[in-house]
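Participant: Take a look at this one; I'll ask things after.
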Amino acid sequence: LRQLFGSAVPAFPPKFYLAMTKSMADERRLQLEQYLQNVTLDSNITNSDVFIGFFRKLQQDTFKIQTQRAFLDVYLADGSNIRLDIQTSDTAERILEVASCKVGLPRELIKYFSLFFFQDDADGALSVVKKVANFELPYVSLQSMKELHCKLGIRKWYMDPSLDILLMDCRASLNLLYMQAVQEVKKNWVKPTEGQMQELEFLQKNVNKAKFLELIQKMQFYGYIRLDPCICDYPEEGCLADIYLGNNEINCCIKLPTKQTKEVSFKINRLRSWQVTFLGAAKDGEDDTLELRFEYNDSGTWQWIILYTKQAFLLSSCLKKMISEQMMKAAKEGQEM
């Protein structure tokens with residue numbers, strides 16, 4: 001990689017040469033995640049055969065999984081699943097293509113969807129753990145995260161809710177959007193009023209999917225990704241926060257030490273940079289310690305704001321996606337002028 005791309009390739013995390021304990025394996029996995037966050041900023045690298053082959057071998061060697069035939073379940077938002085006959089060395093890009101074909105999604109619309117690892121928590125909450133990178137091997141990743149009881153699922157992958165309109169004329173994509181919207185209402189990701197909830201229930205009962213999606217687009221937090229509750233240092237250390245990502249903002253409902261709540265919206269166009277840091281490997285029964293800090297312009301002053309969350313890599317992926325969509329929208333508007 002360095003021969004091909006030179007200094008564009010960041011330093012690779014060091015290997016453990018002795019037998020790895022569970023905590024060492026977890027630390028290694030998270031270091032590789034962080035490495036990939038940096039590498040994947042350059043699509044020329046990640047689309048190259050050299051990189052894909054390198055990362056395939058890296059994953060298989062790290063977790064000692066040979067290439068062989070296997071079955072993999074890919075879940076839809078309504079809880080149903082598609083069982084795929086795969087090779088353990090198949091990339092997420094390949095698995096998404098096969099799963100999309102199974103549900104009838106046209107090739108030109110696949111780019112609006114992605115694979116995610118998620119958990120159905122015991123309390124009924126939905127926790128999206130991370131987006132699966134195109135070159136990642138989902139079968140291998142699932143084996144490495146067995147203790148997290150993760151599932152692999154298809155979800156839409158864009159942060160601008162107005163893009164729904166591009167998928168409404170296709171039956172397969174309409175079905176995927178509808179299933180996800182129903183799930184997000186059920187899991188309390190979307191915040192309809194009492195009257196809106198009654199309308200949604202009526203439309204769902206009558207299986208009017210297009211009208212259901214048209215109505216839900218008007219509701220608070222539709223099209224957002226909700227993170228698990230986490231700790232932040234804004235406006236002071238140790239605050240508990242519920243975080244929603246979408247529509248060019250990080251929306252935080254923060255519980256202050258005084259027990260009061262404060263809603264804060266961090267706008268993407270006022271964010272200059274961010275970084276994910278691995279703070280320590282998980283102990284048994286605990287989550288890995290990660291933080292995402294971002295530099296934000298608050299009333300003319302730049303400051304770092306820190307979120308301590310096991311979903312730091314998912315948060316980073318969402319920030320990149322929102323900025324990418326903003327740039328594409330600005331470029332398109334520039335061409336039209």
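The values are calculated or read from the model by the stated rules, or taken from the named source; none is laboratory data. Please read these numbers as outputs of a predicted model, since none were measured by experiment. Cβ atoms come from the backbone with ideal geometry, glycine included; neighbour counts cover every protein chain shown. All accessible areas refer to the heavy atoms of the entire protein, side chains included, with ligands and DNA or RNA removed. Shrake-Rupley method; radii C 1.70, N 1.55, O 1.52, S 1.80 Å.
Participant: In nm, give the distance between the simple-model label positions of Lys211 and Asp120, each being 7 Å from the Cα along the Cα-to-Cβ direction.
Facilitator: Label at Lys211, label at Asp120, 3.0 nm between them.
Participant: Expected output is a single nm value to one decimal: the length gained when fully extending between Ala172 and Leu109, i.e. 0.36 nm times separation in residues minus the C-alpha distance. What is it?
Facilitator: 21.7 nm
Participant: Run the paramagnetic zone check for Ile323: 7 angstrom along Cα to Cβ, then residues of segment 119-153 with backbone nitrogen under 18 Å.
Facilitator: Answer for segment 119-153: 131.
Participant: Between Leu256 and Arg69, 0.36 nm times their residue separation minus their Cα-Cα distance comes to what?
Facilitator: On the way: separation 187, 0.36 × 187 = 67.32 nm, distance 5.17 nm.
So the chain would gain 62.1 nm between Leu256 and Arg69.
Participant: How much of the accessible area of the chain, in percent, comes from carbon and sulfur atoms when a 1.4 Å probe is used?
Facilitator: After summing per-atom areas, the C and S share lands at 49 percent.
Participant: Quick check for you: with a 1.4 Å probe and neighbouring chains kept, what is the accessible area per residue of the chain, in Å²?
Facilitator: Heavy-atom SASA per residue in the chain reads 53 Å².
Participant: Looking only at Thr62, Thr301, Thr277, which one moves most when the chain is put into a Gaussian network model with springs between Cα atoms under 10 Å?
Facilitator: Thr301
Participant: Go through Lys211/Lys267; Lys156/Lys320; Lys146/Lys310; Lys186/Lys259; Lys187/Lys259 and tell me which ones have a Cα-Cα distance over 19 Å in this structure.
Facilitator: Among Lys211/Lys267; Lys156/Lys320; Lys146/Lys310; Lys186/Lys259; Lys187/Lys259, the Cα-Cα distance tops 19 Å for Lys211/Lys267; Lys186/Lys259; Lys187/Lys259.
Participant: First measure r as the distance between the Cβ atoms of Asn297 and Gln87, then evaluate 1/(1 + (r/R0)^6) with R0 = 45 Å and state the FRET efficiency to the nearest 0.05.
Facilitator: Using R0 = 45 Å, I get an efficiency of 0.40.
Participant: Among rounded, prolate and oblate, which fits segment 158-223 when a ≥ b ≥ c are the square roots of the eigenvalues of its C-alpha gyration tensor, a/c under 1.5 means rounded, and a/b larger than b/c means prolate?
Facilitator: Judged from the Cα gyration tensor, segment 158-223 comes out oblate (a/c at least 1.5, b/c at or above a/b).
Participant: Ok, one more. Treat each spin label as a single point 7 Å out from the Cα along the C-beta direction, and report the Gln31 to Val98 distance in nm.
Facilitator: Using points 7 Å along Cα→Cβ, the separation is 3.2 nm.
Participant: Excluding Lys186 itself, what net charge comes from residues whose Cβ is under 12 Å from its Cβ, given Lys and Arg +1 and Asp and Glu -1?
Facilitator: Numbers: positive: Lys187; negative: Asp78, Asp120, Glu184, Glu201.
Surrounding charge for Lys186 is -3.
Participant: Of Ile306, Ile165, which has the most accessible area and how do the rest follow, probe 1.4 Å?
Facilitator: Ile165, Ile306
Participant: Right, next: What number, rounded to the nearest 500 deg cm²/dmol, is the helix-based mean residue ellipticity at 222 nm of the chain, given -39500 (n - 2.57) per DSSP H run of at least four residues and division by all its residues?
Facilitator: Calculated at 222 nm, the ellipticity per residue is -11000 deg cm²/dmol.
Participant: Nearest 5 is fine: what % of DSSP beta bridges in the chain come out antiparallel, could you say?
Facilitator: Percent antiparallel among DSSP bridges in the chain is about 95.
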